[in-house]
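What follows is one structure encoded as C-alpha cells, with my remarks underneath.
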Amino acid sequence: MYDIHSVRKDFPVLDEVIYLDNGATTQTPVPAVNAMNDYFFKYAANHGRGAHRLARQTTDNYEDARDKVAEFLNTTPESTVLTKNATESINMVALGIQWEAGDHVVTTLVEHHSNFLPWMRLKEKGVEVTIVGSDREGRVNPKDVDAAITDRTKLVSVNHVSNVFGSIRDVEKITQIAQKGGAMVLVDGSQSAGHMPVDIKKIGCDFFATPGHKGLLGPQGTGILCIKDPDALEPTYVGGGTVHAVTTEGYELEPSPSKFEAGTPNIPGVIGLGRAVEYVQEIGVEDIEKHEKELTTDAAKRLSEIEGVEVYGPKDRTVVPFNVEGMNPHDVAMILDETRKICVRSGYHCAMPSVDMLGVEGTVRASFALYNTEEEVDSLIEGVEQITMLA
Ligand SMILES: Cc1ncc(COP(=O)(O)O)c(C=O)c1O
C-alpha cells in the first residue's frame, strides 16, 4: 500500500480543503503540472509540423504520452485518439458512424447526459433508440440489454460505472452479448479509468471513451477515445494534421490516430496527462481501487446509520450518493463547504433520467480519490450529522 501522506504532498490544494468531488474532476499531481510547465518554459512548439528541435521534442513527448495512455488501458497507440473530454469522444462516435434510417441504438436509463443526448439526437436521422431500464440502485441486467438488441442494432452504448449510483456494469458480458448480435459497443469509462484496472482488449469493446481529468489525474481539457477499427468511423473534423496528400481534386486521410485529431491539439494537457498516468501507474491502480473502496464503503455505511439520511446505490458502489431528509442537496453541499471546507457535488450530476428514477430533486455525492483519508471521511460524517440537526 502506498504512503498516502507523501502522495498528498503532490496535491497542495488538499491542505486547504477536503476535496470529495472526484467524480466531477480530480486534482492533478505536481509532477504532471511540472511536465506541463516544462513544455511551456523549455520547448513549446506545435505537434507533428516541423523539423526544428522544439517541434521534434514536442512531437516526441506528445506521442510518448499517447503511448503511456495506451499501455495503461491495454490498447495500441494507433487506436488511442486524444480528445478534449469524454463528451467529445462519445460525440465523435455518434457523428462518425454512417447511420441509416431504421438503424438502432441501445443505451440505458442510467447514463450521463454525454452518453445519452448524442443518441437521442440521432432520432432526427431516423435512428431508433431503446433505453434499457435499471433497478433502483442503478444496476443494469445484461439480459435486458440482450432483449433490447434487434437485427438493426448498430451500437450498444453503456457506461462502465454510473456517476450517479457508482454501480459497476459487467461491460465484458454486455460486449459479448452485443457483438454476438452483430452490434458494436461503446463503453463510457469516465468513472472507471484510473479508479479500477481497465483492460480494453479484455473488455473487447469497439469504442472506449474516458476523460483524462478524472481517475487518470490529468488536466481538464483532456480526453481519450479508443477505437478498435478505425475504418468504423469517419473523422468528425478534417483539416491540418489529418491528411497526408491534398490536391484540388481531393485528399487522402492519414491513418488513425492522426485522421481523428484535426488541428493543434491540447499539447500541454496531453503531456500533463501522460505524466499523470505514469503517476497512477507508479502508485498502482489496484492499490488505488482498494483504498477508494475502503473509504467509499465506510462513508456509505456511516452515513446510512445517521437518522434522516438516505444513501443510494448498490453495496459495491464506487461513489456515495445521499440525501438529508427535508433538505435540498445544494443546501447540504453549501453547508458542508461553509462549515468544513468539504467540496462535494450536488444536484442532478448531468444525469436527469437517473436521478428522476429516484423521485428526488437531486442528490449529494461524495466521491473519493487516491489522496483522500479516513480523517476526511470522519469530517464528512460529523458535518452531515450536524446538518441533520438543522433539518
Ligand atoms: C459517466 C460519465 N460520462 C461522461 C462524462 C462527461 O465527461 P467530460 O466532462 O470529460 O466530457 C462524465 C462526467 O462526469 C461521466 O461521469
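The values are calculated or read from the model by the stated rules, or taken from the named source; none is laboratory data. Given the structure is predicted, the values throughout are model-derived calculations rather than measurements. We place every Cβ from the backbone using ideal geometry, glycine too, and count neighbours over all the protein chains shown. Ligands, DNA and RNA are excluded from the accessible area calculation, which covers all protein heavy atoms including side chains. Shrake-Rupley method; radii C 1.70, N 1.55, O 1.52, S 1.80 Å.
Observations on the model:
- Karplus-derived 3J(HN,Hα), 6.51/-1.76/1.60, for each residue of the range 82-97, Hz, glycine and proline x: 9, 10, 9, 5, 5, 4, 5, 4, 5, 5, 4, 6, 4, 8, x, 6
- Residue by residue, the range 347-362 carries 3J(HN,Hα) couplings of x, 8, 6, 6, 8, 4, x, 5, 6, 4, 4, 7, x, 10, 9, x Hz when phi is fed to the Karplus relation 6.51 cos²θ - 1.76 cosθ + 1.60 (θ = phi - 60°); x denotes Gly or Pro.
- ³J(HN,Hα) computed for each position of the range 200-214 - Karplus, 6.51 cos²θ - 1.76 cosθ + 1.60, integer Hz, glycine/proline x: 5, 4, 5, 4, x, 5, 7, 9, 10, 10, 7, x, x, 9, 10
- Exposure rank, largest accessible area first [Val13, Val164; 1.4 Å]: Val13, Val164
- A simple spin-label model places the labels of Gln176 and Ala262 4.0 nm from each other, with each point 7 Å out along Cα-to-Cβ.
- Contour excess over end-to-end distance, with Cα ends at Asp298 and Ala391 and 0.36 nm allotted per residue: 31.1 nm
- Within the chain, percent of DSSP bridges classed antiparallel, to nearest 5: 50
- Placing a label point 7 Å from the Cα of Thr339 along the Cα-to-Cβ line, the residues of the range 374-391 whose backbone N sits under 17 Å from it are 376-391.
- The label-point distance for Asp67 and Ile306, in a model that sets each label 7 Å from Cα toward Cβ, rounds to 4.9 nm.
- Built amide H within the under 5 Å cut-off of Ala44, gap 5+: none
- Accessible surface, the chain, averaged per residue in Å² (probe 1.4 Å): 42
- Just so you know, the Cα atoms of the chain work out to an Rg and Dmax of 21.5, 73 Å.
- Subtracting the Cα-Cα distance of Lys202 and Asp378 from 0.36 nm times their residue separation leaves 59.6 nm of extension gain.
- Length released on extending from Gln98 to Arg49, taking residue separation times 0.36 nm less the Cα-Cα span: 14.6 nm
- Annotation: amide H-H contacts under 5 Å for Val129 (H modelled 1.01 Å from N, sequence separation of 5 or more, or interchain): Val105.
- Whichever lysines have a C-alpha closer than 21 Å to that of Lys201, once near sequence neighbours (fewer than 8 apart) are set aside: Lys68, Lys154, Lys173, Lys180, Lys228
- Relative contact order [Cα under 8 Å, 6+ residues apart], the range 284-390, whole percent: 32
- The range 31-282, accessible surface, carbon-and-sulfur percent (1.4 angstrom probe): 50
- Taking a point 7 Å from the Cα of Tyr237 along the Cα-to-Cβ direction, the residues of the range 20-54 with backbone N closer than 15 Å to it are 47.
- In plain terms, the chain is cut at each of the GluC sites (Glu not before Pro) found in a DSSP loop with at most 14 other Cβ atoms within 10 Å, and the longest leftover piece is 101-248.
- Per-pair calculated FRET efficiency, R0 = 25 Å: Thr25 and Tyr251 via Cβ, rounded to 0.05: 0.10
- Loop-resident sites, the range 1-69, for trypsin sites (Lys or Arg not before Pro), counting at most 15 other Cβ within 10 Å (DSSP): Lys9, Arg49
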